[in-house]
Amino acid sequence: MYHFIQKFHSGWAYLALLLLFIASLNSLSGYLTKKEFTPKDRKIALFALISMHIQLFVGLILYFVSPYGKESFGLMEDAALRLTSLEHPLVNIIAIVLITIGWSKHKKATTSETKFKTLYMPYIIALLLVLSRIPWNLWF
């Protein structure tokens, strides 16, 4: 069970990061070119939001069934263990909170410029946070 969840979490990460990257670029380009906010733009941002929430859900399950999660308490001297057991989950939760806030704020915005702005800022910050805490040595 653990290995299946781990493989799913790793595989889904590619899709989630790709969608977050596309949504970030789409929102930034929409803001910079001052184009009209369309249902397509809303769907791109929504798919990124949903994929990141699925990634969080699977990641939390993985954390609690992982042998590393159980062993990690009290072993913060090891940088690799600290990354996978503390930094990666914490920073990614913060990133997903930012994405959710951006999504919620964009729904209240009235102009296209404001919608794009409230999406691209938290989405790009979240993307950078997620990329900073990926355990790259386990990915490749």
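The values are calculated or read from the model by the stated rules, or taken from the named source; none is laboratory data. What you see is a predicted model, and the numbers here were worked out from it, not measured in a lab. Note that each Cβ is placed from the backbone with ideal geometry, even for glycine, and that neighbours are counted across all protein chains shown. Note: accessible area is taken over every heavy atom of the protein model, side chains too, but ligands, DNA and RNA are not part of it. Shrake-Rupley method; radii C 1.70, N 1.55, O 1.52, S 1.80 Å.
The residue list Ile93, Leu62, Leu49 was ranked by how far each Cα lies along the charge dipole of the chain toward its positive end, using unit charges on Cβ atoms, and Leu49 comes out on top. Computed from the Cβ-Cβ distance with R0 of 22 Å, the FRET efficiency linking Ile94 to Phe57 stands at 0.85. Accessible surface computed residue by residue for segment 1-93, with neighbouring protein chains in place and a 1.4 Å probe, gives 61 Å² per residue. In segment 77-140, a dipole from Cβ-located charges (positive for Lys and Arg, negative for Asp and Glu) runs towards its positive end, and of Ser132, Leu83, Gly102 it is Gly102 whose Cα lies farthest in that direction. If R0 is taken as 30 Å, the Cβ-Cβ distance between Lys34 and Ile125 corresponds to a FRET efficiency of 0.85.
What's the magnitude of the charge dipole for the chain around its Cα centre, counting Lys and Arg as +1 and Asp and Glu as -1 at the beta-carbon? Answer in Debye, nearest 20.
In total the dipole reaches around 700 debye.
To the nearest 0.05, what FRET efficiency results for Ser112 and Gln6 with a Förster distance of 35 Å applied to their C-beta separation? Result of the calculation: an efficiency of 0.30. Ordered from largest to smallest accessible area (heavy atoms of protein chains, 1.4 Å probe), the residues Met52, Met1, Met121 come out as Met1, Met121, Met52. Pairing the Cα long axis of helix 2-33 with the longest principal axis of the chain, what angle in degrees results, from 0 to 90 and rounded to the nearest 10? Taking the Cα atoms of the chain, the angle to 2-33 is about 20 degrees.
Highest GNM mean-square fluctuation among Leu19, Leu86, Leu98, for the chain modelled with Cα contacts below 10 Å: Leu86. To the nearest 10 degrees, how steeply does helix 88-108 sit against the main Cα axis of the chain, on a 0 to 90 scale? Approximately 20 degrees, to the nearest ten. Ordering Glu87, Glu113 by accessible surface, largest first, gives Glu113, Glu87; the 1.4 Å probe counts only protein heavy atoms, with every chain in place.
Set against the labelled values [x] -0.27; [y] -0.37; [z] -0.33, log10 I(q)/I(0) by the Debye sum over Cα atoms at q = 0.10 Å⁻¹ computed from this structure falls on [y].
The value of relative contact order for the chain, using C-alpha pairs under 8 Å at least six residues apart, is 32 percent. Sites counted here are trypsin sites (Lys or Arg not before Pro) in a DSSP loop (not H, G, I, E or B) having no more than 15 other Cβ atoms within 10 Å; the longest part of the chain that contains none of them is 36-140. Among Leu28, Leu119, the order of accessible area from largest down is Leu28, Leu119, computed with a 1.4 Å probe on protein heavy atoms.
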